[in-house]
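Encoded as structure tokens, the structure appears first; notes follow it.
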Amino acid sequence: MNEAAFQQCMNPACGEKCAIEDVRVSCTKCGSLLDIRYDWSRLPRLKSLRYFEHRWSTKGTEAEGRADFSGVWRFRELLPFYRTEEDIVSIGEGRTVLQQADILARQMGMSPRSLLLQYEGLNPSGSFKDNGMTAAFTHARLVGAKRVACASTGNTSASLALFASLSQMQGVVFIGTGKISVGKLSQALDYGALTLQIQGDFDDCLRRVRQIAVDRPEVGIYLMNSVNPFRLEGQKSIMYRILEARDWQPPDWVIVPGGNLGNCSAFAKAFDELRELGLIKKIPRLAVINAAGANTLYNLHKQGVRWENNWYDQTAVQKYYAVLAEQNYHAHTVASAIEIGHPVNLPKALRALSIMNGVVEEVSDEEILEHRAMVARWGFGCEPASAASVAGLRRLLDKKVISPDESVVCILTGHELKDPNVTVKYHTGIDMKAAQDLAPRSTPTGHYVNRPVQVEDNLDAILRAMG
Ligand code: F0G
């Protein structure tokens with residue numbers, strides 16, 4: 001096994017380490033999240049990021065060529081937890097585009113060439129999640145996992161289902177009833193994952209799937225949510241591609257929608273490591289944008305919760321969640337992908353804000369809808385959650401936190417066709433979801449029919465549904 005890579009508790013006061021082959025979703029000593037760490041001194045030294053440019057001409061069908069083709073693994077020296085290229089599970093993810101969006105920039109009152117859109121919806125399953133799944137599936141295969149599962153607001157389940165079917169593992173996805181867009185649900189079914197519609201929301205689903213992964217080892221679930229630190233290793237590559245597209249010059253700002261807060265955590269880790277390796281001099285600033293109806297990070301940040309002296313005020317966070325529970329509060333936003341009240345990567349996001357001198361903003365559903373329509377009119381389009389980044393940019397321009405001539409990259413996390421109901425409703429006023437007669441019109445008879453299973457939010461019922 002690769003001796004230069006290991007897992008480590010993110011709490012420096014604990015710092016517990018374990019091997020790459022261990023399957024953990026948190027530190028066994030203190031319960032904190034885990035990071036993947038590297039002893040860079042034991043790995044071949046990279047002199048410049050330009051090293052990666054030779055991969056543009058070396059794609060092929062053998063293991064090494066397939067890795068070169070992937071927009072994640074062509075940077076494999078920066079996520080070196082695998083043993084050989086043969087280990088890598090790749091479906092051609094990460095071949096995405098950074099678009100200079102001058103028309104949109106003008107609409108936003110920005111200077112030409114200052115606004116760039118990173119289209120992660122161009123991944124095979126239509127969202128940025130494929131960047132993380134390729135890394136987590138590589139680890140899952142390394143440890144011999146047979147059954148993989150996640151809770152999802154839709155995109156993680158679509159990505160997991162696709163990777164599971166292509167790597168011949170059983171995929172199980174937990175989704176909240178009526179909570180995910182029809183495009184994403186159709187993907188999980190089509191790719192053949194066991195799709196459990198749990199009566200509850202994302203937070204309920206994640207609690208259940210974690211419970212089964214940790215407390216019921218006999219069920220043999222490998223957890224694919226972003227508490228899995230290998231997911232974040234893959235998502236670092238979004239930043240490498242942005243640097244690559246800008247001739248290795250970091251932008252002034254990276255703006256990203258915040259849901260479970262895995263992406264922003266991965267971005268900061270990417271830059272932190274590049275700085276440690278002496279491969280970049282400047283780290284961009286980070287803006288994480290919450291939907292106003294799912295704004296835990298925004299509220300806590302506003303209250304003054306920060307990454308300070310290598311930790312954060314856990315009591316303040318617990319108090320905040322206690323109030324939500326007391327009020328029986330559930331997150332609610334048109335951007336269903338980020339409808340999350342209890343973001344599991346909150347500590348890592350606080351650390352990310354510290355590394356990248358970041359800010360947090362919130363945007364209303366109306367702002368999300370308007371900016372989604374603008375990205376569609378003057379770009380390739382995106383799903384509602386992704387447009388939170390552009391809506392957030394507008395707010396930060398208005399507040400003069402960002403100036404119109406700074407270079408800004410907005411991460412468009414998911415494809416426009418993920419959530420067509422929102423688009424049609426925006427343009428016509430027709431709510432296709434409400435207008436549909438949800439009772440089946442006929443009994444499906446195709447060879448590949450894969451119906452969702454409705455399950456109440458109860459452990460025994462879920463385990464029965466999983467067989
Ligand atoms: N944008 C889209 C389109 C997403 O699907 C998600 C998360 C996010 C942004 C937020 O990213 O969690 O890293 O802060 N979707 C998850 C899912 C939760 O289940 O598909 P994050």
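The values are calculated or read from the model by the stated rules, or taken from the named source; none is laboratory data. Values in this document were obtained by computation on a predicted structure and should not be read as measured data. Backbone-built Cβ (ideal geometry, glycine too); neighbour counts: all protein chains shown. Remember, those area values only see protein heavy atoms, side chains included, never the ligands or the DNA or RNA. Shrake-Rupley method; radii C 1.70, N 1.55, O 1.52, S 1.80 Å.
Averaged over its residues, the chain has an accessible area of 41 Å² per residue, based on protein heavy atoms and a 1.4 Å probe.
Would you calculate the separation in nanometres between label points at Phe380 and Leu417, each defined as 7 Å from the Cα along the Cα-to-beta-carbon direction? Those two pseudo-labels are separated by 1.2 nm. Only protein atoms count toward the accessible area here, which uses a 1.4 Å probe; on region 52-184, the carbon and sulfur part of that area reaches 49 percent.
Charge dipole of the chain (Cα centre as origin; +1 on each Lys and Arg Cβ, -1 on each Asp and Glu Cβ, all else neutral): 580 debye, rounded to the nearest 20.
Between Glu370 and Val453, the modelled labels are 4.6 nm apart [label points 7 Å from Cα along Cα→Cβ].
Entry note, the chain: the mean residue ellipticity at 222 nm calculated from DSSP H runs of n ≥ 4, each adding -39500 (n - 2.57), is -11000 deg cm²/dmol after division by the residues and rounding to the nearest 500. Taking the Cα centre of region 182-338 as origin and assigning +1 to Lys and Arg Cβ atoms and -1 to Asp and Glu Cβ atoms, the resulting dipole is close to 280 debye. Neighbours of Tyr51 by Cβ distance under 12 Å: Lys/Arg scored +1, Asp/Glu scored -1, total +3. Once you've got the Cα coordinates, tell me which of Lys17/Lys129; Lys17/Lys418; Lys17/Lys146; Lys146/Lys179; Lys179/Lys400; Lys184/Lys425 are over 29 Å apart. Listed pairs above 29 Å: Lys17/Lys418; Lys179/Lys400. Going 7 Å from the Cα of Ala325 toward and past its Cβ, which residues in region 186-210 have a backbone nitrogen under 12 Å from where you end up? Backbone N within reach: none found. Each part reduced to its alpha carbon centroid, region 311-373 and region 205-239 end up 20 Å apart.
Sorted on the mean count of surrounding Cβ atoms within 10 Å across their residues, most packed first, peptides 207-214, 330-337, 394-401, 407-414 read 407-414, 330-337, 207-214, 394-401.
Each Lys or Arg adds one and each Asp or Glu subtracts one; over the other residues with Cβ under 12 Å from the Cβ of Ala349, this totals +4. How much of the accessible area of region 313-467, probe 1.4 Å, is carbon plus sulfur, in whole percent? In region 313-467, the share of accessible area belonging to carbon and sulfur is 53 percent. With the simple model of a label 7 Å out from the Cα in the direction of the Cβ, Val97 to Asp39 spans 4.5 nm. Full extension of the chain between Ser442 and Glu85 gives 123.8 nm of extra length, using 0.36 nm per residue less the Cα-Cα distance. Legend note: in the chain, cysteines whose Cβ sits 4.7 Å or more from every other cysteine Cβ are Cys18, Cys150, Cys205, Cys264, Cys382, Cys410. Normalising the Debye intensity of region 208-350 to I(0), with uniform scatterers on Cα atoms only, and taking log10 at q = 0.17, 0.18 Å⁻¹ returns -1.07, -1.16. A straight line joining the Cα centroids of region 246-291 and region 399-456 runs 27 Å.
Membrane-span-like helices in the chain, defined purely by DSSP H runs whose alpha carbon atoms cover 15 Å or more axially and whose average Kyte-Doolittle hydropathy reaches 1.0, are 155-166. One decimal place: the segment Gln249-Arg106 gains 49.2 nm when fully extended, by the rule 0.36 nm per residue minus the C-alpha distance.
In percent, rounded to a whole number, the relative contact order of the chain is 17, using alpha-carbon pairs under 8 Å and six or more apart.
The order of the peptides 30-41, 45-56 by mean Cβ neighbours within 10 Å, most packed first, is 30-41, 45-56.
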